[in-house]
Amino acid sequence: MRQSHIRNFCIIAHIDHGKSTLADRLIESTGAMRREEMSEQVMDRMELERERGITIKAKAIRLNYTAADGNSYLLNLIDTPGHVDFSYEVSRTLAACEGAVLLVDVTQGIQAQTLANVYLAMEHNLEIIPTLNKVDLPSGEPERVMDEVESVLGFSEAETLRISGKTGVGVPELLETIVKRVPPPGGDPKAPLRALIFDSHYDQYKGVIAYLRVVDGRIKTGDRLKLMGQGTTLEVLEVGYFNPRECPVSSLEAGEVGYIATGLKTVGDCSVGDTVTSLVEPAHAALAAYRPAKPMVFAGIYPTQASDYHELREAMERLKLNDASLSYEMENSPLLGHGFRCGFLGLLHMDIVYERLEREFGLSLVVTAPAVSYYITRTDGEVITVVNPSELPAPADIARMEEPWVKIRILVPSNYIGTVMEMEREFGGIHRHTEFLGHATGTEGTQRVQLDYDMPLRSMLTSFYDQLKSRTNGYASLDYEFDGYRDARLVKIDVLVNNLLVDAFSRIVPPEQAQDVGKSLVHKLKEVIPRQLFNIPIQAAVGGRIVARADIAAKRKDVLAKCYGGDITRKRKLLEKQKEGKKKMKSIGQVEVPKEAFFSVLKTD
Ligand code: GDP
Ligand code: MG
């Protein structure tokens, strides 16, 4: 296909504004798949993605479209992940496109990720097609949302489309608009090969499948290639595209989007953002600087039963094949036994990994409270990175401590400004900027407002997001990006149960919060640890100083006491039940703690 007849585009939107639904409608209306063939939402492949209604991995689908001008076009639709944890993948996806359909839900208006995505698309010089979605909904306010789109994003009413991804209204016009407004790809078919990897996954038969956009040159089956960032070399086993099924072809040319099967054993060798070139005739410069994924959030993952450690290790290895941004290292906890300290892109990424481990590998796990990584300059001059709070050196050994900060942007109706400001104070945020969006509407004259803050990433790992949602009655939306390390003044709280230090409960907090957090930990533990045959002190300490304490009084109880001697089967059942219960227990010294206790106490708040 001639380059002039190719259009590469993506759909960008805040979560739930209808990206996947529209993608399905486009696939259906271009006849790539009949309605009865389509499982719901073809673009969302993994079961987990479907359940959470999010798209974790970007994928590309080729659509054949005959336009009103009588010509047939190849439309490559590239699906982008919708969550901030995966913003690097989003930016690589945008780099593979010339245009973006920007969806704004008419019942919601512009949200935090709408803005973040539009700015990213503008940075990549994409042709943006502003589109109001869900116009079939009677509760929609298309005029108010149009006003926002015009005043905040600067798009005129004339260039903005109105569609329903659900009913298909306006979708034919959208397809025509994509052909007319999105420029065809540039690039030189005769130059040395350069292709951008914007996604990859592991296939057990063909090895790593890399999704790429060919910018210059061409790729054929059998070519020997090299990754300019990672240095990996490979031989192309297969070239093809998705429609949405795999369609092998003999080559992909400049301007085209498709996949190559590499035979590589882990996506870490072939990851998003790298440039592919020819081994024998390499290009001079990569398309963009390759940036390996950097984990920002850390937590310990342990099997509930020590004997499951080997299974957990295998499961981690298998997950890692498909997830270059997951990192893990063996870790040993006196309480929890053998496990892993894992690094994630963010909280959502952490939840996804944890759920997959339990669901796909049938493991029962304990996850410690998420923490950030701290840079510590010791008094002896050595600089160390601490990703496990219990390993923070004693205050006397710390010369300097630094922690990661984020820039955070909150969009909220103006009547919640006070609420958000108050919350930001509580969570250590520094106010940067306030901006009113659009015009005041409605009876109360409420208007939406954008609030920009700097905040320690540490605060994002607490109940911040849940509180923001509940205190603004669900109206706030949030976006954030990493903003480097800053000096920190923090202390470590240790928890002692029956005078034994329980490493998994250690937390790093501002000194003024130490007592409250200590109290809350101690009281939660007191609630969940069952009484034993002896008295148990539970203490929280900062340095050597106890900041909170509670005691669990001794209790005498014989499980058989109620079975007046006679009934032997009943007795045996009871004993067996008790044994079962024991299995689910962890012991801290002589103190037995049920598994649920960890979950409730390990969670931060
Ligand atoms: P995504 O998170 O952007 O991929 O959003 P989805 O495509 O998963 O849609 C989120 C929800 O909005 C789902 O319940 C869809 O059925 C619904 N939805 C999407 N588009 C439309 C539309 O045009 N009209 C209506 N009424 N609902 C829609
Ligand atoms: Mg989706």
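The values are calculated or read from the model by the stated rules, or taken from the named source; none is laboratory data. Everything numeric in this text was worked out from a predicted model, so none of it was measured. Here Cβ is always computed from backbone atoms with ideal geometry, including for glycine, and neighbour counts include all displayed protein chains. Ligands, DNA and RNA are stripped out before the accessible areas are found, and what is left, the full protein with its side chains, is counted by its heavy atoms. Shrake-Rupley method; radii C 1.70, N 1.55, O 1.52, S 1.80 Å.
Looking at the chain, identify the longest residue range that excludes and avoids all trypsin sites (Lys or Arg not before Pro) in DSSP loops having at most 11 other Cβ atoms within 10 Å.
Numbers: sites that count: Arg2, Arg34, Lys190, Arg489, Lys555, Arg556, Lys557.
Longest run free of exposed loop sites: 191-488.
Could you give the distance between the Cα centres of region 479-494 and region 368-392, to the whole Å?
Comparing the Cα centres of region 479-494 and region 368-392, I get a distance of 11 Å.
Per residue, how many Å² of accessible area does the chain show with a 1.4 Å probe? Walk me through the numbers on the way to the answer.
Details: 26930 Å² over 605 residues.
The answer is 45 Å² per residue.
Extent of region 278-405 along each principal axis, from alpha carbon coordinates, in Å, largest to smallest?
That gives 55, 45, 24 Å along the principal axes, largest extent first.
Expressed as a whole number of Å, what is the distance separating the alpha-carbon centroids of region 61-83 and region 242-272?
So the separation of the two Cα centres works out to 18 Å.
Per DSSP helix of 4 or more residues, -39500 (n - 2.57); summed, then divided by the residues of the chain. What does that give at 222 nm, rounded to the nearest 500? Provide the component values of the computation, followed by the final result.
Numbers: 14 runs with 146 residues, N = 605.
Taking each H run of at least 4 residues, the total per residue is -7000 deg cm²/dmol.
Given 20 Å bins starting at zero, what is the percent of C-alpha pairs of the chain in each, up to the one with the largest pair distance?
Bins of 20 Å from zero give 18, 45, 30, 7, 0 percent of pairs.
Sorted from largest down, give the three principal axis spans of the alpha carbons of region 415-549, whole angstrom values.
For region 415-549, the Cα spread along each principal axis is 66, 34, 20 Å.
I'd like the carbon and sulfur percentage of the solvent accessible area for region 193-313, probe radius 1.4 Å, heavy atoms only, ligands and nucleic acids excluded. Write out the running numbers ahead of the final one.
Values: 2410 of 4820 Å².
Accessible surface attributable to carbon and sulfur in region 193-313 totals 50 percent.
Relative contact order of the chain: what whole-number percent is it, with Cα pairs under 8 angstrom and at least 6 residues apart? Provide the component values of the computation, followed by the final result.
On the way: 1322 pairs, mean separation 58.8, N = 605.
With pairs under 8 Å counted, the relative contact order is 10 percent.
Could you please report the charge total around Gly343, scoring K, R as +1 and D, E as -1 over all other residues with beta-carbon less than 14 angstrom from its beta-carbon?
On the way: positive: Lys294, Lys320, Arg341; negative: Asp85, Asp323, Glu329, Glu331.
Here the count lands on -1.
When the dipole is taken about the Cα centre of region 436-515, and only Lys, Arg (+1) and Asp, Glu (-1) are charged at their Cβ, what size is it in debye, to the nearest 20? Don't skip to the answer; put the middle values down first.
On the way: 8 positive and 11 negative charges, 38 e Å.
Computed charge dipole of region 436-515: roughly 180 debye.
Using the structure shown, select from Lys294/Lys492; Lys294/Lys526; Lys320/Lys407; Lys320/Lys519 the pairs with a Cα to Cα distance greater than 31 angstrom. All intermediate terms of the calculation are to be shown ahead of the outcome.
Details: Lys294/Lys492 25 Å; Lys294/Lys526 38 Å; Lys320/Lys407 29 Å; Lys320/Lys519 38 Å.
Checking Cα-Cα distances, Lys294/Lys526; Lys320/Lys519 exceed 31 Å.
Under 10 Å from the Cβ of Thr232, count the other residues' Cβ atoms, weight Lys and Arg +1, Asp and Glu -1, and hand me the total. Write down the numbers at each step before the final one.
On the way: positive: Lys226; negative: Asp269, Asp274.
Its environment carries a net charge of -1.
Would you compute, for the Cα atoms of region 327-472, the largest minus smallest coordinate along each principal axis and list the three values in descending order, in whole Å?
60, 45, 21
Net charge around Val249, counting only other residues with Cβ within less than 12 Å of its Cβ (Lys, Arg = +1; Asp, Glu = -1)? The partial results should precede the final answer.
Working: positive: Arg62, Arg218, Lys220; negative: Glu238, Glu246, Glu253, Glu256.
That sum, taken over residues with Cβ under 12 Å, equals -1.
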